[in-house]
Amino acid sequence: MGYEAISKKLYFHCMRTHYCFIYLSFSLLVLMGCQLENSPIELEDGLVIRKSAVVNPDTLTITRFDSTSPPVIQIEGNNIEVDFGQSLLIGSIHVDRPNHFQGMALRIRGNNITIRNLNIKGYKVAIIAENSDNLRIINCDLSLNYRSKLKSTREKEHLDDWLSYHHNETDQWLRYGAGIYLRNCDGFHLEGIKVHQGQNGILMSGCNGGIAFNNDIRYNSGVGIGMYRSSNNRIMHNLLDFNVRGYSHGIYQRGQDSAGLLVYEQCQDNTFAYNSATHSGDGFFLWAGQSTMDTGKGGCNGNLIYRNDFSYAPTNGIEVTFSSNFLLENKMEECRYGIWGGYSYETLIIGNHITDSDFGIAIEHGHHNTLIDNMISGCDLGLKLWQRDEQPADWGFAEVNDVRSRDYQLGQNQFENCEKIFEFNDTRNIQFLTTSQADSTRRRQSETMPSLPQPLSRGMDTDQSDHTFRGRKFIIVNEWGPYDQSYPLIWLRETNEDKYVFALFGPEGNWRITGAHGFTNGSLKSGTFPNTLTSTLDSQVSSAYIELEFIGAEFTDQFGRVNKRGVPYTFRYDIGG
């Protein structure tokens, strides 16, 4: 090989070595950049996240003192995914004063954002998202945030405790707090959200085409899931039990507009299926909206309410008013009203199972409604249809529409053990269908109904296998909302002159009476949960108490405080003093 050839070969070898070095150096820089970008970020007050990130798991206490304070964390931008690694944000160290919680923990703005594994407690609003399409919030525990202190007692209701969700054009719902509040977030995906011991779980306004499933929103004093001007959503496989206030067993049953599911103001074509919303003020509460009441137009129409359990509602299992909807194969047991359908029209009520309620189905001023294949048993009154003499002067709905009670189709409904089956007052054109007519009507109506959804492949089974605490008598509401049967409690169940009957609830373990004043002749001195204790009150004393001690399993109280296993815990009942 000549000198020139050798020189060229050495030149190209050196060049290849040079470019290889440059390539390796560049690759190393890219890898270092990726590693830096994906390095865990630290939680801190005022953190703004604008790109995908993993958060270094942490517990951070950051207090907000008023509603004008900025959020603790903000996520801004598009196409962002943040895994918080089960981090916990705490908004207040005064856990026993949830009515004083303020501020918001996380605010989200932007599209295609996913957040996971974040826990928040002690704020007025845990998460708020605005104008965020395709938002995904997954596996977050937002329990123990804001709730008002109730003024109603076991003996007497207080009118200040009534809620009102009638207006939300300027986000008035935020005054009640929320685990999640969504504004104009189309295509949302909410999964694995837990909200216990707050006031409201998930609230949405102007949100369309989304899905909420496999969420656990129970033991709150307001609303489980509420929507306003939100359409074409799927709300499925959620636990929404014990969202209730305004109830004292055997004394008064108001509900005070609490509900498992709340649907207000122009919410169209939503699907509510396979949910459990038992022991709530209303299981399902739908109202057309103030704009419909004023103009007589629109409403919350075309919603499919299918195979849900709305049992043990102090007021209504299902309330649907001033609208046209589909109520199919739902369960309502031991409610005041199984279904209340005031001013409903062109509504299909088919295959529902209503038992042991004061009223099975009651519809005031409805028209062109079809009731087929409903099972109504053990009710004082099975079916009531009627109209009043006059309409309120300020209801535009009644001025624009013909609201006479009329034009019903009834077929193949079964009534068993009802004290009275029918009560029809001033209602015209009631057609009782034969079996063949009912079958024909059912087939014809199925052509206009939305398709019935199958259970989701990952949807949880919301049928509670443990029926130990099913029944309205297990709705116990104290000044902070509904009791969740997890911590020791002595609750006055009834009195008969000087005889007091107490219900005792709590975790696995043993309790014993450690002191008493003014109470004598107790039926028990110790025992396990649940249990019943009777005692005699000395009428000569101005104050009295029973003090008990529990030792047993670990539990968490209604403020999130943990009592370790085997550590003695004192609880008591007081009169006066």
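Quick rundown of the values:
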| read-out | value |
| --- | --- |
| Per-region count, the stretch 143-161, residues over 17 Å from the mean Cα position of the chain (by Cα), of a type outside the set (D, E, K, R) and within 22 Å of residue 67 (Cβ to Cβ) | 1 |
| Test for residue 514: is it touching a Ser or Thr at 6+ places or on another chain (Cβ under 7 Å) and in the same structural domain as residue 556 (by TED's automatic domain parsing) | no |
| Residue within the stretch 60-75 that is of a type in the set (Lys, Arg), assigned to a loop (DSSP other than H, G, I, E, B) and in contact with a Phe, Trp or Tyr (Cβ under 7 Å, 6 or more places away or on another chain) present | yes |
| Test: residue in the stretch 85-104 that is under 21 Å from residue 173 (Cα atoms), in contact (Cβ under 8 Å) with a residue 12 or more places away in the chain and in contact with a strand residue (DSSP E or B) (Cβ under 6 Å, 6 or more places away or on another chain) | yes |
| Residue 283 vs. criteria of a type outside the set (S, T, N, Q), surrounded by 24 or more Cβ atoms within 10 Å (Cβ to Cβ) and within 30 Å of residue 117 (Cβ to Cβ) | no |
| Residue check for residue 200: under 29 Å from residue 478 (Cβ atoms), touching a residue at least 60 places away in the same chain (Cβ under 8 Å) and in contact with a Lys or Arg (Cβ under 9 Å, 6 or more places away or on another chain) | no |
| Pairs where the first residue, in the stretch 368-388, is touching a residue at least 40 places away in the same chain (Cβ under 8 Å) and the second is outside any strand (DSSP E or B) and aliphatic (A, V, I, L, M), C-beta under 8 Å, 6+ apart | 372/433; 372/438; 373/438; 387/403 |
| Test for residue 536: is it surrounded by fewer than 17 Cβ atoms within 10 Å (Cβ to Cβ), in contact (Cβ under 8 Å) with a residue 24 or more places away in the chain and at negative phi | yes |
| Qualifying position, being closer than 23 Å to residue 67 by Cα and among the hydrophobic types (A, V, I, L, M, F, W, C), among 138, 113, 120 | 120 |
| Some residue of the stretch 172-183 being part of a loop (DSSP other than H, G, I, E, B) and of a type in the set (S, T, N, Q) | no |
| Within the stretch 130-142, tally of residues that are within 18 Å of the chain's Cα centre (by Cα) and buried (at least 24 other Cβ atoms within 10 Å of the Cβ) | 3 |
| Per-region count, the stretch 223-252, residues outside any loop (DSSP other than H, G, I, E, B) and over 17 Å from residue 166 (Cβ atoms) | 10 |
| Looking only at the stretch 519-577, and only at residues there that are hydroxyl-bearing (Ser, Thr, Tyr) and either over 22 Å from residue 495 (Cα atoms) or assigned to a loop (DSSP other than H, G, I, E, B) (or both), the one that is modelled with the lowest pLDDT | 539 |
| Hits in the stretch 476-495 (condition: of a type in the set (D, E, K, R) and crowded, with 17+ Cβ neighbours inside 10 Å) | 484, 493 |
| Residue match in the stretch 111-121 (condition: of a type in the set (Ser, Thr, Tyr) and part of a strand (DSSP E or B)) | yes |
| Pair list, Cβ under 7 Å, 6 or more apart: the stretch 42-62 residue within 13 Å of residue 73 (Cβ to Cβ), other residue part of a loop (DSSP other than H, G, I, E, B) and of a type in the set (Phe, Trp, Tyr) | none |
| Residues of the stretch 44-56 that turn out to be over 18 Å from residue 122 (Cβ atoms) and assigned to a loop (DSSP other than H, G, I, E, B), as a count | 4 |
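The values are calculated or read from the model by the stated rules, or taken from the named source; none is laboratory data. Small disclaimer: the values here were computed from a predicted structure and weren't measured. All Cβ positions, even for glycine, are placed from backbone atoms using ideal geometry, and neighbour counts span all protein chains on display.
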